[in-house]
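Nothing in this text is a laboratory measurement; each read-out follows from the coordinates by a stated rule. Being a predicted model, the structure only gives us computed values, none of them experimental. Ideal geometry is used to build each Cβ from the backbone, glycine not excepted, and the neighbour counts take in all protein chains shown.
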Amino acid sequence: MDSTGKMSSDSNTFSWIERSIELQRAGEIEQALDVIFDNLDELLQSSKYEQCSFALASLPVGRLTDAQLLTALTATAPARHQLPGRKPFFSRVERTLTARGVDVERLLSGLQ
C-alpha cells in the first residue's frame, strides 16, 4: 500500500480497509471513501474479480459507516455480474443498514 492508502499492485492484503476506518475515525470522511472506491476500482480495472469478491467478503460491515458501505456497493455495481461475492455482501449491507434504522429501499435503490 502506498502513502495514500492505495493498494500496491503486488499486495494481496486488504490493509486499505483498516486505513479507511482510521481515516473515518479521524474525520477524514472524503479520504476514507476514496480509499474504498479507489482500491475496489483498481481491482476491477485489473480484472481481479476473485480478489475483489474476497475484499467485499472481508469488509467488516458493522465497523463501516453507511457512506463507506454505499461506496463499496457503488464501486462494484458495474461489475456485479463478475463478482460472486457481491450478492452476499449486498445482503450483509442490507441487514446492517436495516438494523441501523435507515431507509434501506432509498439508499440501496439501483445498487443491487
| query | Length gain on complete extension for the stretch Q31 to S15, per 0.36 nm per residue less the alpha carbon to alpha carbon distance? | reply | 4.3 nm
| Roughly how large, in nm² to one decimal, is the mean projection of the convex hull of the alpha-carbon atoms in the chain? | 6.4 nm²
| By counting other Cβ atoms within 10 Å of each Cβ, how are D38, D103, D66 ranked from fewest to most? | D103, D66, D38
| By the gyration tensor of its Cα atoms, with a ≥ b ≥ c the square roots of the eigenvalues, what is the shape of the range 49-89: rounded for a/c under 1.5, prolate for a/b over b/c, or oblate? | oblate
| said: So if I place +1 on the C-beta of Lys and Arg and -1 on the C-beta of Asp and Glu, and nothing else carries charge, what would the dipole magnitude of the range 15-108 be about its Cα centre? I want it in debye, nearest 20. | reply: 420 debye
| query | Which of S15, F89, Y49 sits farthest toward the positive end of the charge dipole of the range 15-108, with +1 on the Cβ of Lys and Arg and -1 on the Cβ of Asp and Glu? | reply | F89
